[in-house]
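I have placed the structure first, in the form of structure tokens, so that the comments after it can refer back to it.
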Amino acid sequence: MRPRSALPARAPAPGEPPLRLRRLRRTRALREWVAETDVELRRLVYPVFVRPGAGGPEPIASLPGVDRYSVPDLGKLAAALRSEGIRAVLVFGVGRRKDPDGTDAWAKDGVVPQAVRAMKRAAPELIIATDVCLCAYTSHGHCGVVRAGAVDNDATCERLGRVARVHAEAGAEVVAPSAMMDGQVARIRAALDQGGYDSTAILAYASKHASAFYGPFREAEQSAPEFGDRRGYQMDYRNGREALRELEQDAAEGADLVMVKPALTSLDLLARARRRLAVPLAAYQVSGEYAMIKAAAARGVVEERPAVEETLGAIRRAGADLIVTYFAREFARWTREDP
Ligand code: PBG
């Protein structure tokens, strides 16, 4: 047998290309046949914003098409999502009251525990993940407890453990800490286990950069910091090796899944993490990424569906197993109506 490398096609004649990769691009059937990756609906996670009180869905100006729901509406929403083929949601609560420590975040009757119960009742198979952070509950809007003008890491981790436990108690299968405190995953794991919630999984926002693309989310959550910014805990976007250390550390602390965000600015990290880690990998196509496509589509500058498919496709190609995206419902509808 000749070695593979010595199996050339006939030598190209002068002026002929050595390789004709266009052969498999010639027809749609061929392209579909050899496509390397797909964005399957089962991989998408839909973010759900929950506000206190009652009353119908409230639009969010900076996130067109995304609403803030009150608890009484969530049963209906959960059932609708399931029937549309959505498998999982990521729940964000807005505090009923805000104080310096964010105490409403771990109230047993808080907005998120109530939301989880309502959704679980209506759609038991819908997987519920909850965002675990303090920023929508603190009066200053930071992701943790502030002591002497700075976010106190260890005191915050202790609070995050309580938040996670309350979410688990309500029935969330997955808790997703996003505060970027050191040691938060280990602390939450311990709090869950001590509370008897050893089967509740942790999806760690492990590589989270301080980003210009969280703006619309902060309007949705009313969680913009009152002073300073989040660069004292979220990562500098210039750092990739540091992101890998965060990912490895969170996996070592017991994260069941790890996430990178924003997605489109982290494709390199997804690809590197895919090779280095065996844990399932998620990417968060954040609010600003969504809003940009929406704005461009509204102005007729890009076509929405192909733009969304291309970005989600690139995130998959880079290595994400799961993608959190505000486009999940529209993606489901597009594939339903015109596969
Ligand atoms: C909470 C949190 C944020 C996002 C997810 N969890 C905001 C932030 O860190 O400022 C951003 C999600 C988005 O922009 O869609 N800490």
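Residues in segment 141-148: is at least one more than 26 Å from Val66 (Cα to Cα), among the charged types (D, E, K, R) and within 16 Å of the ligand (Cβ to nearest atom)?
Looking through segment 141-148, none of the residues is more than 26 Å from Val66 (Cα to Cα), among the charged types (D, E, K, R) and within 16 Å of the ligand (Cβ to nearest atom).
Find the residue count for segment 128-140, including only residues that are closer than 22 Å to Asp198 by Cβ and within 14 Å of the ligand (Cβ to nearest atom).
Qualifying residue count for the region: 4.
Taking into account only those residues within segment 25-77 that are free of Cβ contacts under 8 Å to residues at least 60 places away in the same chain and of a type in the set (Asp, Glu), which is nearest to Arg121 (Cα to Cα)?
Asp73
Within segment 125-142, count every residue that is among the polar types (S, T, N, Q) and more than 15 Å from Leu90 (Cβ to Cβ).
Of the residues in segment 125-142, 2 are among the polar types (S, T, N, Q) and more than 15 Å from Leu90 (Cβ to Cβ).
Just to be sure, is Ala170 closer than 20 Å to Ala136 by Cα, more than 13 Å from the ligand (Cβ to nearest atom) and touching a Lys or Arg at 6+ places or on another chain (Cβ under 6 Å)?
yes
Among residues belonging to segment 207-233 that are more than 23 Å from Asp101 (Cα to Cα) and modelled with pLDDT of 95 or more, point out the one that is surrounded by the fewest Cβ atoms within 10 Å (Cβ to Cβ).
It comes out as Ala212.
Restricting attention to segment 180-203, does a residue exist that is part of a loop (DSSP other than H, G, I, E, B), within 16 Å of the ligand (Cβ to nearest atom) and surrounded by 20 or more Cβ atoms within 10 Å (Cβ to Cβ)?
yes
Listed residues Ala291, Ala255; which is of a type in the set (A, V, I, L, M) and within 20 Å of Ala220 (Cα to Cα)?
None of the other options fit; the residue is Ala291.
Look at Glu84 and say whether it is under 23 Å from Ser199 (Cβ atoms), among the acidic types (Asp, Glu), touching a helix residue (DSSP H, G or I) at 6+ places or on another chain (Cβ under 8 Å) and more than 16 Å from the ligand (Cβ to nearest atom).
Judged against the criteria, Glu84 is not a match.
Every residue in segment 147-176 that is assigned to a helix (DSSP H, G or I) and either touching an Asp or Glu at 6+ places or on another chain (Cβ under 6 Å) or hydroxyl-bearing (Ser, Thr, Tyr) (or both), please.
If the condition is that a residue be assigned to a helix (DSSP H, G or I) and either touching an Asp or Glu at 6+ places or on another chain (Cβ under 6 Å) or hydroxyl-bearing (Ser, Thr, Tyr) (or both), then Asn153, Thr156 are the ones that fit.
Surrounded by 20 or more Cβ atoms within 10 Å (Cβ to Cβ) and either touching a strand residue (DSSP E or B) at 6+ places or on another chain (Cβ under 9 Å) or in contact (Cβ under 8 Å) with a residue 24 or more places away in the chain (or both): does that describe Ala271?
So Ala271 fails the test.
Determine if segment 153-162 includes at least one residue that is over 22 Å from Asp256 (Cβ atoms) and within 16 Å of the ligand (Cβ to nearest atom).
yes
Please verify whether segment 44-51 includes one or more residues that are surrounded by fewer than 21 Cβ atoms within 10 Å (Cβ to Cβ) and either out of contact with any Asp or Glu (no Cβ under 8 Å at 6 or more places or on another chain) or of a type in the set (S, T, N, Q) (or both).
no
The values are calculated or read from the model by the stated rules, or taken from the named source; none is laboratory data. Please read all numbers here as calculations on a predicted model, not as lab measurements. Using ideal geometry, Cβ is built from the backbone for each residue, glycine included, and neighbour counts are taken over all protein chains shown.
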